[in-house]
Amino acid sequence: MDTLLSAQERDFARQMRQFYRTEIPESLRFKVATGQELSKDDMVTSQRILNRHGCAVPHWPEEWGGQDWTAVQRHIWLEEMQLACVPQPLPFNTSMVGPVIAAFGSQSLKERFLPDTANLDIWWSQGFSEPNAGSDLASLKTSAVRDGETYIVNGQKTWTTLGQYGDWIFTLVRTDPSVKKQAGISFLLIDMKSSGVTVRPIQLIDGGHEVNEVFFDNVVVPVGNRVGEENKGWTYAKFLLGNERTGIARIGMSKVNLARAKAYAAVTKTARGTLLDDPLFSARLTKLEAELTALEMTQLRILSTQAAGADAPDPRSSVLKLKGSQLQEDISELLVDVLGPQGLDFVADRVQAEGFSDLPLGAVDALPAYFNTRKVTIYGGSSEVQRGIISKALLGL
Amino acid sequence: MDLELSDIQQELGSSLAKYLRSEYDQSVREAILGSEEGISREQWKSFAEMGLLGLAVPESYGGAGMTFAEVAVVMEAFGRALVLEPYLATAVLGANAVVAAGTEEQKQAILPGVCEGSVFLAFAGYEAGQRYSLDSPATTATTATASQGLATDGTTASAGDASVTLHGEKCSVLGGDVADQFIVTAVEDGELGLFLVDASARGVSRIAHRQADGLGTASVLFEDAPAQRLDSAPAAEVVAEVLDTANAAIMAEAVGAMETSLKMTADYLRTREQFGAPIGTNQALQHRAADMYASLEDARSMALFARLAVTAESEGAEKDRHRDVVAAKIVVDGTARHISQESIQMHGGIGMTMEYPIGHYAKRLTVISRTFDDADSLTAELAQLGGLIEPHAADLN
Ligand SMILES: Cc1cc2nc3c(=O)[nH]c(=O)nc-3n(C[C@H](O)[C@H](O)[C@H](O)COP(=O)(O)OP(=O)(O)OC[C@H]3O[C@@H](n4cnc5c(N)ncnc54)[C@H](O)[C@@H]3O)c2cc1C
């Protein structure tokens, strides 16, 4: 290959670009483009349109709504979606639990859950982390004790993203406390309306309510809600986390945010011209553009070998996570710096009041986004965990 | 050379620290943060009783007649406790401007109230779209001739100096949400001037905002608002001096906040266990904590450098003063970013919550590193000032 994308791939990209811009309501894409918070309805609306056109879960098996696409096509699908500022399919549904059920679930679980999961008729939450099981996830303590054809679940999950909307939660639970910690874990699907499930909000420093604690108090769960074999949950979790890591570089999104910072800087006056002309600011911005391009090329290099047949998760995806998350944080910091003193307040609206001038573009979301973006180097395997993987799996240290 | 604090300064620092530990702990602060005004007027009274509000105000106006060094001691202690009350706005920016530019009569009218805690001041300099520039505000001052004054409003002519009116909009006015008096920059006949405006005067309206760190600010509109001149010294010089002093003050505060952040992070590394051991047993984190320590030392040194610059009394000290403060703030801005980001990262998810204190420190530091200026604009300014070291080629010795 000596061109980056083949003629067919470029064609595919054009189709995707057009599809996103014609089918997804402008109002939704505008919200994403300007960093506004999406409501539950916004996310459901977007995912259902995508699903209707076969674009919510292309990476799933074809019989459950997937597409026979190459790794490069899947990359284009996601990249173009981000560039078009389309609200993305709920990752808990489409990248996490869906592929696990499709790969390891019983036929009845697949039939019961996969169509509704693809269409966001069911909203899934991820119940992995616990207060004392973060990076060391395998030390989780939430227990599921077998009682005939049911499990009785007790314990606590935390950091449950958007758990306030959750219909179902996929969990890792301890089904055998007597063996090595990884060997006693099962993957259990729990209806969040079951009695004994309590969801409590956690306030974050960005001013929002994104995560929750979820408590389980003698919750009765049918054994049939277990995915795969008992005590094999860790294997499924590793499969899931491997999938999570590849999409996590968010290069398209970073391009959009960098473009935004650049556009705002171009209309921000300084003593010597615009902020975009400022040598120090422009040096920072330009360096980020070059680094983002390097990351994109790394991603394409990894993809091109995957397209040639390799299907197992590539340990180099840890590089994508490590670099991609750092870039997201750097870009969020740059956007705050564009705003200067007017970016330091938490405000709900750019429009202040009659007689007062409007706040600058980005004044509502830049600083909350900066604080929120701290999460990307913490979750999905923290940067420290990724460095551990790179040094062990790739360097043999 | 004696760089240590004097006995009196140490005593001030330790008695204030003791007070804040018992009367301004996390739960007290949380209640203040959640209150309507976001500050505690009772705390403010206590600060007044302790003599903190007029530390650097001459005794003849109700102050303690001390120097900026004592103010820096207070700011550092306030940084450790994340005090929310507008000390910087009132006792530093506001009081210093009145001391420097007020007439005898104005000082007598305002400063005793500041010292006893009955008056809040705020410096209104920044304007929308002008970032950190204070040199040429769009706000204008107009002096009406007596007949014009009478023609439009019969009351203005009789009210002493009230024939000066201000017109314009200010933004990011620190402490402007509660201020009783504004100290406002405006241009009259092409020259920068400083003016005093009563917050309750006609033609003054404000919108209160809260910064991300909980401190109050405001956008303030002056529509032909009656004002008094503060002109017993040239406005540009007063503004420069007041800002340099405020910058030195905020650096002391930053040092307090960084010191506490590092202490909390080190405690967390010692106590948080993952993979069966405290996370601080990982050398990767030990080294990063050591880097934070080194940053804190840099910050401490430069806060001292700035303090010495603003307290220097030698001939021609103003020129070096500004340059040194700029150099100091470049370093403090960078270390504040470094320490706040790393503290959150090493705490993992809990570092992003409102419930746990570390995130509050990170918020304050994030705001401080963009208050009055940011590292990029300062670096450009220092370069323009010729830097700190004279060019000198070794081979010319
Ligand atoms: C906003 C947000 C949303 C989240 N959403 C979800 C969700 O929906 N569902 C879910 O299950 N979880 C979720 N998580 C949890 C996330 O996966 C965990 O936060 C993550 O695993 C880190 O765990 P921890 O927060 O307990 O930090 P810890 O594991 O306690 O780590 C603290 C610090 O120590 C470092 N560290 C730990 N071990 C080592 C080591 N061996 N070597 C070097 N450094 C180390 C970490 O990298 C980190 O810097 C979310 C987290 C956040 C912040």
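The values are calculated or read from the model by the stated rules, or taken from the named source; none is laboratory data. The model shown is predicted, which means the values in this text are computed figures rather than measured ones. Every residue, glycine as well, gets a Cβ built from its backbone with ideal geometry; the counts of neighbours run over all protein chains shown. For accessibility, only protein heavy atoms count, side chains too; no ligands or nucleic acids. Shrake-Rupley method; radii C 1.70, N 1.55, O 1.52, S 1.80 Å.
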Could you check the stretch A:118-133 and list, in sequence order, the residues that are touching a residue at least 60 places away in the same chain (Cβ under 8 Å), more than 8 Å from the ligand (Cβ to nearest atom) and in contact with a strand residue (DSSP E or B) (Cβ under 9 Å, 6 or more places away or on another chain)? A:W123
Counted residues, the stretch A:236-289 - those being among the basic types (K, R) and within 14 Å of another protein chain (Cβ to nearest Cβ): 4
Looking at A:L334, A:L327, A:L394, A:L288, which one is of a type outside the set (F, W, Y) and surrounded by fewer than 17 Cβ atoms within 10 Å (Cβ to Cβ)? A:L394
Please return the ranges of helices (runs of 4 or more DSSP H) entirely within the stretch B:287-397 where 2 or more residues are among the polar types (S, T, N, Q) and away from chain A (no Cβ under 14 Å). none
Within the group B:A235, B:A225, B:A240, which residue is within 13 Å of chain A (Cβ to nearest Cβ) and either more than 16 Å from the ligand (Cβ to nearest atom) or open to solvent by less than 30 Å² (accessible area, probe 1.4 Å) (or both)? B:A225
Could you list, in sequence order, the residues of the stretch A:135-161 that are within 8 Å of the ligand (Cβ to nearest atom) and without any contact (Cβ under 8 Å) to a residue 60 or more places away in the chain? A:D136, A:K157, A:T158, A:T160
Can you confirm whether the stretch B:111-118 contains a residue that is within 14 Å of another protein chain (Cβ to nearest Cβ), modelled with pLDDT of 95 or more and open to solvent by less than 40 Å² (accessible area, probe 1.4 Å)? no
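Taking the condition within 16 Å of the ligand (Cβ to nearest atom) and of a type outside the set (S, T, Y), does B:M302 pass? Reasoning before the result, please.
On the way: within 16 Å of the ligand (Cβ to nearest atom): no; of a type outside the set (S, T, Y): yes.
The answer is no for B:M302.
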Any chance B:G129 is under 25 Å from B:D244 (Cα atoms), open to solvent by 40 Å² or more (accessible area, probe 1.4 Å) and at pLDDT below 90: yes
I'd like the full set of residues that are within 14 Å of chain B (Cβ to nearest Cβ) and part of a loop (DSSP other than H, G, I, E, B), limited to the stretch A:189-231. A:Q203, A:I205, A:D206, A:G207, A:G208, A:H209, A:E210
B:G214 fails exactly one of the following numbered conditions: (1) part of a helix (DSSP H, G or I); (2) within 27 Å of A:G343 (Cβ to Cβ); (3) not aliphatic (A, V, I, L, M). What is the number of that condition? (1)
Of (1) touching a Leu at 6+ places or on another chain (Cβ under 7 Å); (2) within 11 Å of chain A (Cβ to nearest Cβ); (3) surrounded by fewer than 19 Cβ atoms within 10 Å (Cβ to Cβ), B:L215 satisfies all except one. Which? (3)
Selection status of B:G63, open to solvent by less than 10 Å² (accessible area, probe 1.4 Å), in contact (Cβ under 8 Å) with a residue 24 or more places away in the chain and under 20 Å from the mean Cα position of the chain (by Cα): no
Could you list, in sequence order, all residues of the stretch A:265-277 that are in contact (Cβ under 8 Å) with a residue 12 or more places away in the chain and buried (at least 20 other Cβ atoms within 10 Å of the Cβ)? A:A265, A:T268, A:L275
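Considering only the stretch A:342-360, I want to know if a residue exists there that is under 29 Å from A:S135 (Cβ atoms), more than 16 Å from the ligand (Cβ to nearest atom) and crowded, with 17+ Cβ neighbours inside 10 Å.
Looking through the stretch A:342-360, none of the residues is under 29 Å from A:S135 (Cβ atoms), more than 16 Å from the ligand (Cβ to nearest atom) and crowded, with 17+ Cβ neighbours inside 10 Å.
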Top-ranked residue in the stretch A:113-155 [being closer than 28 Å to A:H53 by Cβ, open to solvent by less than 10 Å² (accessible area, probe 1.4 Å) and assigned to a strand (DSSP E or B); ranked as nearest to the other protein chains (Cβ to nearest Cβ)]: A:S125
Given the condition buried (at least 22 other Cβ atoms within 10 Å of the Cβ), within 16 Å of the ligand (Cβ to nearest atom) and within 14 Å of another protein chain (Cβ to nearest Cβ), answer yes or no: does some residue in the stretch A:91-112 qualify? no
Residue match in the stretch B:321-338 (condition: within 11 Å of the ligand (Cβ to nearest atom), in contact (Cβ under 8 Å) with a residue 12 or more places away in the chain and surrounded by fewer than 24 Cβ atoms within 10 Å (Cβ to Cβ)): no
Which residues, counting only those in the stretch A:215-264, are of a type in the set (S, T, N, Q), open to solvent by 40 Å² or more (accessible area, probe 1.4 Å) and closer than 27 Å to A:R200 by Cβ? A:N218
Return yes when B:V99 is part of a helix (DSSP H, G or I) and open to solvent by 20 Å² or more (accessible area, probe 1.4 Å) and no when it is not. yes
Kindly indicate whether A:A363 is closer than 20 Å to B:L174 by Cβ, out of contact with any strand residue (DSSP E or B) (no Cβ under 7 Å at 6 or more places or on another chain), in the same structural domain as A:T274 (by TED's automatic domain parsing) and not in a helix (DSSP H, G or I). yes
Hey, among B:L134, B:L84, which residue is open to solvent by 10 Å² or more (accessible area, probe 1.4 Å) and assigned to a loop (DSSP other than H, G, I, E, B)? B:L134
So in the stretch A:372-382, with the set limited to residues that are within 18 Å of B:H360 (Cβ to Cβ) and within 7 Å of chain B (Cβ to nearest Cβ), which one is least open to solvent (accessible area, probe 1.4 Å)? A:R374
Identify, from the list B:E342, B:E253, the residue that is touching a residue at least 24 places away in the same chain (Cβ under 8 Å), of a type in the set (D, E) and within 13 Å of the ligand (Cβ to nearest atom). B:E342
Among the residues in the stretch A:165-176, are any at positive phi and away from chain B (no Cβ under 14 Å)? no
Filter the stretch A:321-350 down to residues that are under 21 Å from A:E37 (Cα atoms) and of a type in the set (G, A, S) and give me whichever is nearest to the other protein chains (Cβ to nearest Cβ). A:G343
Only one of (1) of a type in the set (S, T, Y); (2) touching a strand residue (DSSP E or B) at 6+ places or on another chain (Cβ under 7 Å); (3) open to solvent by less than 30 Å² (accessible area, probe 1.4 Å) fails for B:T271. Which number is that? (3)
